[in-house]
Amino acid sequence: MLDGKVSDMNRRSQQYFMSEPQVEEHVDPVLRGRESYADPVSQEYPFWVPEMEESALSLVLGEIHSEAYETMKQDLIEKEDSALEMGALNDSNNPAVGREVIENRANQPESQNLMLIRQAVKRIKELPQDSLDACSSDLRHQEMLVIADLSKLKPSLVGKEKSNAIRICIASVFALPSLETLQREKNNRAVVKDWYNQTMDGLKTMLKAFLLVNPNTAELQNLLDHLVPWMRSEKFHERLRAVDTSLYLLKAAVDHPEFCMSPEFPKLGVLIGLLALRIGDYVQEIGPQAMEGLSFLYTLVRCQKEHKNNSMPIKAELHQRYKKCLGTYEPTRACENICTIIKELGQFLTPDQMTDLLLVAVENLREHHEDINEASRAILNAILKNFKHSLKTKVPEIVGRLHSQLSTISHPHKWQEVMMALCLLAHDFLEEVTTGLLNCQLPLDRNAVGMWRALAEMEVKRDICHLLDMLLKKLQERPRVTGKAASILPIAAASALFEVLCLTKCRDAVMHIFPRLLMALLVQVHYCTGLSLPHRNDFTPTWWVIRTIKLLLLKTGHVCELAIVELDGGWEMLASPEEHYRGVGQLARTMLHHGCSELWKILYLLVPFLERGDEHHRLTALAFFVELLRMPQAKRLPQEYSVIRLTKGLTDLDPVVRALCVRGLIIIANWTGKEITIPVPAMINSLYGLDGRLVVEALADVETILSGLDEASFPGCITDPLQQLFDDDRENVRFAAISLFGSVLKKVKKSQRLIKEEEILNSLVPLLLHLQEGNPDMAEKCKKALDECSRLMNWKLPKQVGSRKAWHNHQEDADKICHYLVKKHEKNIQRFLLQSQIYLKSAEPCLRTAAATFIGFLVVHVDKRMTEEDLNIISNALGDLMHDPEASVCVFAAQARDRVLAARWKLKYGLVQQSKAGSNPADKRGWYPGPQSLPAPCSTSSRLLEGLRLWKAVARK
């Protein structure tokens, strides 16, 4: 009988597998060697070929008794091993072959078992999936039975290889066309149905075999996981097969007497959700099977939770009693069935499983079929009605999944369904939903914007103040992009607030917390200045927060303030790390000027702000607070919150804080009807070492300071820092410093003697040179300051000092001034020369020209008091200036150097006395020696030509 079976097996195998390729490389070396040795089986059975061996065994398995199969298999292995061993022993040149054979004999049954399973899977994979006939049905069925029986032997497939084998077998069956389609193709409905049922039975038997090998919930979950994608399929016959197979496996688990229920279902929520959705499937055959499958699942879950003995048998009576708890399936009341199922099963689910269940419902809101959408809504409502307490910690994750779902939805109605789910969650978990939305990527995409606005619209109908308070709380935190505490939620909160403010119905609620919102956003801008998100070069957090401030001002009626700050460049200052406090001050002054009714609330809000927070927080609050001290309500503040606090700030390490405190104290000094002692010396001392612009801003109202001065606090503490600003690179700082210097001197009386002569002498040359800047306003301020200097020193400066004529066109004015200085202040000539030489390196060409002209004429009038070494130093300095890129500077430097060289030659040849005794007018004036008295190289024309030549050479370079 065995011979007959083998012959029949060979005939069937030759029909399908003559083209079978060789065994893969990973097959055992002993098996690969079969081609090299005489095969006793091939000799005994002439139709046998080595490539058909595994298929033949598979076919025999379905037709003979298992004992015969085992006997045949063992006989084949023994005969094959004998042939291999004999060949190896006869090979004297390769003794390792013999050892290899002996070593592999012990492992050969295991290798044979795995090889047979792999070959069966391979044959199933190669079968066509677009049609079904008797041969393919029979072969698919028999191969799956082979896998089912071999899975009981050790070792069997495990891990990824096992998962891949199950996936291939399921796809080979589920991907077949529907039964109706197959029957139309063959025109034989009964036969095709038999083939189809045979194929399905083979798959179910194979899956059940895997379950019986490991009868526990972990293995059951592993098998059901392979069915999940098919339950989601758009093809009804694939969903039907998946639900039917799930029902079969769940029933097998319940019927197994030793099924172990100790491990929990890791994805129980997903399975419940998918089966519950199938109850509402528009295909009538699917709903009852899904309901039945859930009844078996309910029995397993309930037994797992209620019985301590995890492997006790489940009696049929117990299952029927549990089944009644879920109710009876009714096609017209599918949603009621679903709600009952969720209510019963939900009590046994963990928070993670409940989250999975809800997410399955959310994901299916995008389905095109309305019955599935209704089933999804039924699941959502049942969860939120009965088990919302278990979702609290998972809401942010759910919101993230909702956001990702929106990107796959194009239909507006489906989009609204997801928004409805969001609002249902927010109704009970507003804080958690807000946290989830804040975790959306910045900048917000269209879907995130829609979610924020939908949430805000829902809250407007209830109480949007709660949502605004949560956003405000996040805004008061500091964003961090690095470290363990990295978080950009405050920036996300600013973006979210922008979307909330877009609603027209939230104005009243926003006005209620406007002061806190404004200050939190201003501080947030300070935090964000210079901050950049990693890998997000296209996103600038600072301007996104400023955008929210603009909309806040617009929504609260501050339109004029918004426009003025825009025109004055206040937003650019606000976004600058160095200019931020100036932008804050400008906004405060603008709001104060237009009579903002909310400023008094901001004033009292800022009082505690100044005592808490980090340096960014305190600096922004102080900049706004100082400007609000001009308000009448500020006079009501106790001195400990105004004068005393600002006085303490004078010793702060931050120079900006010190300057702001000085400014605040100056404003307080202007309060009328209230006597306040202003610590003027401490204010002035705090300005040392500050940036020039800070000093100018702090002393903008200098008259207020001077009103509190006495003889003990001389204004030298003011004039010293101001003199250092005369040469600042910024013209506006120079202008303000010179203007303040003149105002200080004007307030001082000669009888007070508060200004030392040394200070006035130090400012004389800088003021004279700055007269030549070419700025009429600057010249006017310099002229007034020089007038005050002459008043205090009892000088009578020549009228040329006040002339608006430029020295390069009217050198006689410079000559008159230098003659006066040498005549009246001869002992300070060295001071004047040193000061003027500093300006030879000024960044302003006009100042370099004026300094060269001044030095040239000053040397002419003081030549008899100069040493040759001094003249050489001045000559070298002017010689360097002859290479200046500005042509005019080169020319006047050449003229000045000519005068210095002339003075040096007079000193060298002893012509100083002769020039005084002679009758030459030029010598009498002390300008130049005659051309005949100097060598040719010292002539004026030669010096001018040399200067022009040098300038042209520099220009060419």
Subject >> Residue pairs meeting the criteria (Cβ under 7 Å; at least 6 apart or on separate chains; first over 14 Å from residue 775 (Cβ atoms), in the stretch 729-750; second in a loop (DSSP other than H, G, I, E, B) and open to solvent by 40 Å² or more (accessible area, probe 1.4 Å)) >> reply: 729/843
Original post:
If you take the residues in the stretch 802-814 that are assigned to a helix (DSSP H, G or I) and not charged (D, E, K, R), which one is least open to solvent (accessible area, probe 1.4 Å)?
Top reply: 814
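Starting from residues that are among the basic types (Lys, Arg) and open to solvent by less than 80 Å² (accessible area, probe 1.4 Å), keep the ones in the stretch 389-417 and report whichever is farthest from residue 355 (Cα to Cα).
414
So that you can scan it fast, the table gives a plain yes or no per residue for (1) among the hydroxyl-bearing types (Ser, Thr, Tyr); (2) within 17 Å of residue 877 (Cβ to Cβ); (3) open to solvent by 40 Å² or more (accessible area, probe 1.4 Å); (4) not in a helix (DSSP H, G or I):
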position: 800; (1), (2), (3), (4): no, no, no, no
position: 816; (1), (2), (3), (4): no, no, yes, no
position: 821; (1), (2), (3), (4): no, no, no, no
position: 831; (1), (2), (3), (4): no, yes, yes, no
position: 835; (1), (2), (3), (4): no, yes, no, no
position: 839; (1), (2), (3), (4): yes, yes, no, no
position: 848; (1), (2), (3), (4): no, yes, no, no
position: 855; (1), (2), (3), (4): no, yes, no, no
Original post:
Can you name the number of the only condition in (1) surrounded by 21 or more Cβ atoms within 10 Å (Cβ to Cβ); (2) more than 19 Å from the chain's Cα centre (by Cα) that residue 479 fails?
Top reply: (2)
Original post:
Hey, does the stretch 411-421 have a residue that's modelled with pLDDT of 85 or more and outside the structural domain of residue 276 (by the TED database)?
Top reply: yes
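Evaluate the following for residue 598: is it in contact with a helix residue (DSSP H, G or I) (Cβ under 7 Å, 6 or more places away or on another chain) and free of Cβ contacts under 8 Å to residues at least 60 places away in the same chain?
On the way: in contact with a helix residue (DSSP H, G or I) (Cβ under 7 Å, 6 or more places away or on another chain): yes; free of Cβ contacts under 8 Å to residues at least 60 places away in the same chain: no.
Against the criterion (in contact with a helix residue (DSSP H, G or I) (Cβ under 7 Å, 6 or more places away or on another chain) and free of Cβ contacts under 8 Å to residues at least 60 places away in the same chain), residue 598 does not qualify.
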**OP:** Taking only the stretch 454-476 into account, find how many residues are surrounded by 22 or more Cβ atoms within 10 Å (Cβ to Cβ) and within 17 Å of residue 616 (Cβ to Cβ).
**Re:** 2
Original post:
Out of (1) over 22 Å from residue 260 (Cβ atoms); (2) open to solvent by less than 40 Å² (accessible area, probe 1.4 Å); (3) modelled with pLDDT under 85, what's the single condition that is false for residue 331?
Top reply: (2)
Original post:
What number of residues within the stretch 199-243 are open to solvent by 40 Å² or more (accessible area, probe 1.4 Å) and more than 24 Å from residue 153 (Cβ to Cβ)?
Top reply: 8
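Can you pull out every residue in the stretch 597-641 that is of a type in the set (Gly, Ala, Ser), within 17 Å of residue 514 (Cα to Cα) and part of a loop (DSSP other than H, G, I, E, B)? Walk me through how you get there before you give the answer.
Kept after step one, since they are of a type in the set (Gly, Ala, Ser), are these residues of the stretch 597-641: 597, 613, 621, 623, 634.
Restricting the remaining residues to those that are within 17 Å of residue 514 (Cα to Cα) gives 597, 621.
The answer is 597, and nothing else.
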Original post:
Which residues, counting only those in the stretch 538-575, are open to solvent by 10 Å² or more (accessible area, probe 1.4 Å), of a type outside the set (Val, Ile, Thr) and under 20 Å from the mean Cα position of the chain (by Cα)?
Top reply: 538, 543, 544, 547, 575
Original post:
If you scan the stretch 769-798, which residues turn out to be more than 18 Å from residue 725 (Cα to Cα), open to solvent by 40 Å² or more (accessible area, probe 1.4 Å) and assigned to a helix (DSSP H, G or I)?
Top reply: 776, 787, 791
**OP:** Sort out which residues of the stretch 236-295 are touching a Ser or Thr at 6+ places or on another chain (Cβ under 6 Å) and in a helix (DSSP H, G or I), and write them in order of number.
**Re:** 237, 239, 254, 293
Subject >> Those residues of the stretch 253-282 which are among the hydrophobic types (A, V, I, L, M, F, W, C) and either open to solvent by 10 Å² or more (accessible area, probe 1.4 Å) or modelled with pLDDT under 80 (or both), in sequence order >> reply: 260, 261, 265, 270
Subject >> Given (1) of a type outside the set (A, V, I, L, M, F, W, C); (2) free of Cβ contacts under 8 Å to residues at least 60 places away in the same chain; (3) in a helix (DSSP H, G or I), index of the condition residue 766 fails >> reply: (2)
Original post:
In this structure, does residue 510 turn out to be modelled with pLDDT of 90 or more, open to solvent by less than 30 Å² (accessible area, probe 1.4 Å) and either within 22 Å of residue 452 (Cα to Cα) or in a loop (DSSP other than H, G, I, E, B) (or both)?
Top reply: yes
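Going through 355, 350, 340 one at a time, which residue ends up being β-branched (Val, Ile, Thr) and open to solvent by 50 Å² or more (accessible area, probe 1.4 Å)? Can you show your working first?
On the way: 355 fails: open to solvent by 50 Å² or more (accessible area, probe 1.4 Å); 350 fails: open to solvent by 50 Å² or more (accessible area, probe 1.4 Å).
Just one listed residue meets the conditions, 340.
Condition test on residue 238, is it more than 30 Å from residue 343 (Cβ to Cβ) and touching a residue at least 40 places away in the same chain (Cβ under 8 Å)? Break it down stepwise before answering.
Details: more than 30 Å from residue 343 (Cβ to Cβ): no; touching a residue at least 40 places away in the same chain (Cβ under 8 Å): yes.
No, not satisfied.
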Original post:
Inside the stretch 429-448, can you point out the residues that are assigned to a helix (DSSP H, G or I) and open to solvent by 30 Å² or more (accessible area, probe 1.4 Å)?
Top reply: 431, 432, 435, 446
Subject >> Residues of the stretch 891-909 classified as open to solvent by less than 10 Å² (accessible area, probe 1.4 Å) and in a loop (DSSP other than H, G, I, E, B), total >> reply: 0
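The values are calculated or read from the model by the stated rules, or taken from the named source; none is laboratory data. What you see is a predicted model; the values in this text were computed from it and never measured. Ideal geometry is used to build each Cβ from the backbone, glycine not excepted, and the neighbour counts take in all protein chains shown. The area values use the complete protein model at the heavy-atom level, side chains included, leaving out ligands, DNA and RNA. Shrake-Rupley method; radii C 1.70, N 1.55, O 1.52, S 1.80 Å.
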